[in-house]
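The values are calculated or read from the model by the stated rules, or taken from the named source; none is laboratory data. Model, not experiment: these values are computed from the prediction. In this analysis, Cβ positions are derived from the backbone assuming ideal geometry, glycine residues included, and neighbour counts consider all displayed protein chains.
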Amino acid sequence: MIGKPAILILVVMLAAASTSLLAQTVSSGLRGSTPLNEEGAAAPIAPLRNSAEKETRNYPEQPPVIPHAIDGYQIDMNGNKCLSCHARARTGESRAPMVSITHFMDRDGQFLASVSPRRFFCTECHVPQSIVTPPVSNDFIDIDTMLSRAAPGGRR
């Protein structure tokens, strides 16, 4: 049985250890050199990529990213600014790609005359891209690169 003095000493030791852990700093990663018990300054908002080039997708069924700035776009129940260029009737004059035909299907797979309410809020899946250097390294390899590395005739 542990006595009250031993428990008190144990509690004091745990409190001292947790305080020293909180004061430690991390030299890499998202926090930089900010101590764990402090909140660091917010990073500045990075500029958005603004081009007409399509980005390659990293995996099958990845929603395309938005290659231009969308600041100030109204995308709510009352309107969708994206459709002023990407709607079927507007692509001829805007030269923008039309929204996918999957956006015209309801939940039962039936095609509708206009964009489905389930696909009306574009920024739920599609996002603009910022011009930034990734804060942490990434060794992601897409499937096409992985398959091209496989030996001919080998298992894929």
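Are there any pairs with C-beta distances below 8 angstrom linking a residue in segment 94-110 that is within 15 Å of residue 67 (Cβ to Cβ) and at pLDDT 90 or above to a residue that is assigned to a strand (DSSP E or B) and charged (D, E, K, R), with the two at least 6 apart or on different chains, and if so which?
Partner pairs satisfying both residue conditions: none exist.
Only one residue in 68, 103 is within 30 Å of residue 32 (Cα to Cα) and within 22 Å of the chain's Cα centre (by Cα). Which one?
68
Using beta carbons and a limit of 6 Å, which pairs, at least six apart or on different chains, have the first residue in segment 26-39 and over 15 Å from residue 137 (Cβ atoms) and at pLDDT below 85 and the second one surrounded by 10 or more Cβ atoms within 10 Å (Cβ to Cβ) and of a type in the set (Ser, Thr, Tyr)?
Pairs that qualify, where the first residue is over 15 Å from residue 137 (Cβ atoms) and at pLDDT below 85 and the partner is surrounded by 10 or more Cβ atoms within 10 Å (Cβ to Cβ) and of a type in the set (Ser, Thr, Tyr), are 33/25.
Here are 135, 60, 152: which of them is within 30 Å of residue 33 (Cα to Cα), exposed (fewer than 14 other Cβ atoms within 10 Å of the Cβ), modelled with pLDDT under 90 and not β-branched (Val, Ile, Thr)?
135
Looking only at segment 111-142, how many residues end up being touching a strand residue (DSSP E or B) at 6+ places or on another chain (Cβ under 9 Å) and either of a type in the set (Val, Ile, Thr) or in contact (Cβ under 8 Å) with a residue 12 or more places away in the chain (or both)?
Within segment 111-142, residues that are touching a strand residue (DSSP E or B) at 6+ places or on another chain (Cβ under 9 Å) and either of a type in the set (Val, Ile, Thr) or in contact (Cβ under 8 Å) with a residue 12 or more places away in the chain (or both) number 14.
Using the structure shown, decide if residue 53 is of a type in the set (D, E, K, R), more than 30 Å from residue 32 (Cβ to Cβ), in contact with a Pro (Cβ under 7 Å, 6 or more places away or on another chain) and loosely packed, with under 11 Cβ neighbours inside 10 Å.
In short, yes.
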